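Report on the following structure.
Values in this text are rule-based calculations from the coordinates and carry no lab data. Everything quoted here is computed from the prediction, not taken from an experiment. Cβ placement follows ideal geometry from the backbone for every residue including glycine, while neighbour counts extend to all protein chains displayed.
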Amino acid sequence: MSEISLAGLRIVREVARLGSFSAAADRLGYTQSAVSRQVALVERAAGRELFERHARGVRLTAAGGIVVRRAETVLAELDATRQELADLGVRASGRLRVGAFSTALAALVPRAIAVCAVRDPQLAVVLREGLSAGLLAAVAGRRLDLAVVTPPGTAAGKGVQLSTLLEDPLLVAVARDHPLARQASVTTDRLVHEPWIAGSADPGSTLLGAWAGRDRRAHIAYVAKE
């Protein structure tokens with residue numbers, strides 16, 4: 001098996017996020033042919049197709065979901081290594097390393113940083129975006145000081161303390177004639193076997209990962225990026 005390059009992993013991850021080779025090329029500053037070539041190289045190394053090609057874009061295969069999930073971990077660790085090297089010599093008391101999932105970085109974390117800036121103008125906040133499982137592992141490994149995560153389906157890890165910041169409902173859309181359509185609320189027991197439409201083929205990269213444990217993995221039948 002040939003080696004999978006870091007550039008290839010970054011490109012595959014971006015294609016998976018955007019659902020399009022051309023959109024990934026625009027985001028990363030590559031030509032579409034270069035993106036296609038890198039994806040082909042990763043597929044050759046993996047020995048499997050990573051994407052199903054369609055007229056309106058691409059969709060992850062089961063093998064692609066595995067590669068993207070592992071790519072998130074590998075690239076996050078590489079970014080953390082670079083950050084730790086850059087932080088050498090910086091006073092630990094003047095730096096706070098914070099991780100968060102993407103939607104928390106949109107509003108919740110910036111508001112907290114604004115409060116910190118008022119209380120301690122000298123504090124340097126270093127941000128890292130990632131999936132909750134990887135962020136928890138980074139806190140356990142002391143690569144992050146704290147992280148904003150969705151509730152883990154398993155134990156958080158040795159040396160990690162969880163505190164609830166807020167309760168946020170998971171809203172579920174169903175067809176009008178669905179048996180659950182007129183329910184005001186529903187337990188996860190009644191949802192786990194339903195076919196889902198989600199933004200990713202990997203439940204761990206969506207808010208479904210907040211409740212779908214290893215033995216209760218959500219069945220994602222369709223992926224819709226928007």
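Projected label points at Thr164 and Arg37, each 7 Å from Cα along the beta carbon direction, are separated by 5.4 nanometres.
Rg and Dmax, both from the Cα atoms of region 10-86 and both in Å, are 13.0, 44.
How big is the Cα convex hull of region 1-49 in projection, averaged over all directions, in nm²? Could the numbers behind the result be given before it?
Details: hull surface 11.8 nm².
Quarter of the Cα hull surface area: 2.9 nm².
Here region 117-177 is treated with +1 on each Lys and Arg Cβ and -1 on each Asp and Glu Cβ, and its dipole about the Cα centre works out to around 280 debye. Here the chain is treated as an ellipsoid with the same Cα gyration tensor; its semi-axes, largest first and in whole Å, are 30, 27, 16. Could you compute the FRET efficiency for Glu3 and Thr188, with r as their C-beta to C-beta distance and R0 at 41 Å, rounded to 0.05? E(calc), rounded to 0.05, equals 0.50.
Length available on full extension from Ala181 to Thr103: 0.36 nm per residue minus the Cα-Cα distance, which gives 25.4 nm. Between Arg56 and Leu146, the contour length at 0.36 nm per residue exceeds the Cα-Cα span by 28.4 nm.
When +1 charges are put on Lys and Arg Cβ atoms and -1 charges on Asp and Glu Cβ atoms, the dipole computed for the chain relative to its Cα centre reaches about 140 debye.
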